[in-house]
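The values are calculated or read from the model by the stated rules, or taken from the named source; none is laboratory data. Remember, it's a predicted structure, so these values are computed and weren't measured experimentally. Neighbour counts are summed over all protein chains in view; Cβ atoms, including those assigned to glycine, are modelled from backbone coordinates with ideal geometry.
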Amino acid sequence: MVISSHRTAAVDVVLAPHARVIPVVRHVVNADQVLRVIAPHDGAMVECTIGELPWELLSAVPVSVGISHASSAALRAHAPHARYVSTIHNGVAIPATAPVRTRPDTGRLLAASVARTLPWKRTDQLVRAVADPRFSTAVRLDVFGEAGSHQGELEELLRELAAPVRFMGYADDLPRHLAGYDLLATAAVQEGFGCAVIDAAGAAIPALVPDVGASPELVVDGLTGMVYDADDPGDLVAALTDALLDREMLAQMGSAARALAEAWYTPGRCAAQYLTLVMGQQPRSLAAA
């Protein structure tokens, strides 16, 4: 049995013809989205849409895995040749105990976002929200992540709006860094999973996420975080306002978010689900051995 990815699955089918290959799809794909995959016969990296994948090889794959229900639904919608699709949420290692809160009580709402500065991450939506003049200087956003193709445009937007936003660059040990914030905020609507939501939960920090993509699967609205209408900028501003005005609510949500992460989004649970899936695909004689 070979656990693969959409990028390498066709190659694995060719290289391991007698093994059962299980591709794992990490994105919420659409019909026109360009994927980078390894061509099965010459090993070259090529670009294609999901419909252009080598389905003459992949149609023999017994099961594919999406890392969220959103990812699985997109695969079913745009890859009709996929025979069976199962969902296995990622497992994310979090600290055994929540990091010590380093957040000074200044009265401001300190929000963090974890995202490379790419257009599909929609960080500009967060920038515009925290720059709402009704907040004055009451809300600040720090963005963690490597600089991407959208960095220049975002920096120009910051200057235009005089937005209280800082780009912090890449950071290891996210739970420790996030312990200095009140809230994690995200805006991407094509997120395949959203590990940052669980990293924040590891620091007992709740998340504010859009209602599209995989992120709302990771947040119980009103209990472990907040979900806003991705198509309504005013709803994002309203959610930030609620967070600004009720810190006790945020603390309770953060504790609940950590409890959920400890109970479900664990590497052990994830590994057990893959093992169960693999054993279910083995011949009966091997599964019983």
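Taking the stretch 12-23, which residues are in contact with a helix residue (DSSP H, G or I) (Cβ under 9 Å, 6 or more places away or on another chain) and crowded, with 19+ Cβ neighbours inside 10 Å? Result: Val13, Val21, Ile22, Pro23.
Among the residues of the stretch 169-221, those that are free of Cβ contacts under 8 Å to residues at least 12 places away in the same chain and of a type in the set (D, E, K, R) comprise Asp172, Asp173, Asp221.
Among the residues of the stretch 93-124, those that are crowded, with 19+ Cβ neighbours inside 10 Å and either without any contact (Cβ under 8 Å) to a residue 60 or more places away in the chain or not in a loop (DSSP other than H, G, I, E, B) (or both) comprise Leu109, Ala111, Ala112, Ser113, Val114, Thr117, Lys121, Thr123.
Filter the stretch 1-29 down to the residues that are in a helix (DSSP H, G or I) and touching a residue at least 40 places away in the same chain (Cβ under 8 Å), then identify the one that is farthest from Trp120 (Cα to Cα). Among them, the one singled out is Val14.
Apart from one condition, Thr276 fits all of (1) surrounded by 15 or more Cβ atoms within 10 Å (Cβ to Cβ); (2) more than 20 Å from Leu110 (Cα to Cα); (3) among the hydroxyl-bearing types (Ser, Thr, Tyr); the exception is (1). Cβ-Cβ distances below 9 Å connect the following pairs, each with a first residue in the stretch 222-238 that is more than 20 Å from Val197 (Cβ to Cβ), a second residue that is among the β-branched types (Val, Ile, Thr), and a separation of six or more residues or different chains: Asp231/Val212; Val237/Val130. Of all the residues in the stretch 52-92, those that are in a helix (DSSP H, G or I), within 15 Å of the chain's Cα centre (by Cα) and not aliphatic (A, V, I, L, M) number 3.
Report yes if some residue within the stretch 175-197 is in contact with a Lys or Arg (Cβ under 7 Å, 6 or more places away or on another chain), of a type in the set (D, E, K, R) and buried (at least 20 other Cβ atoms within 10 Å of the Cβ); otherwise report no. Scanning the stretch 175-197 turns up at least one residue that is in contact with a Lys or Arg (Cβ under 7 Å, 6 or more places away or on another chain), of a type in the set (D, E, K, R) and buried (at least 20 other Cβ atoms within 10 Å of the Cβ).
Of all the listed residues (Val28, Val34), the sole one being buried (at least 16 other Cβ atoms within 10 Å of the Cβ), under 26 Å from the mean Cα position of the chain (by Cα) and closer than 27 Å to Cys195 by Cα is Val28. Residues that are touching a residue at least 24 places away in the same chain (Cβ under 8 Å) and surrounded by fewer than 16 Cβ atoms within 10 Å (Cβ to Cβ) were ranked within the stretch 50-61; the one that is nearest to His81 (Cα to Cα) is Ser59. Only a single item in (1) surrounded by 15 or more Cβ atoms within 10 Å (Cβ to Cβ); (2) modelled with pLDDT under 95; (3) farther than 21 Å from Ser86 by Cα is not met by Ser215, and it is number (3).
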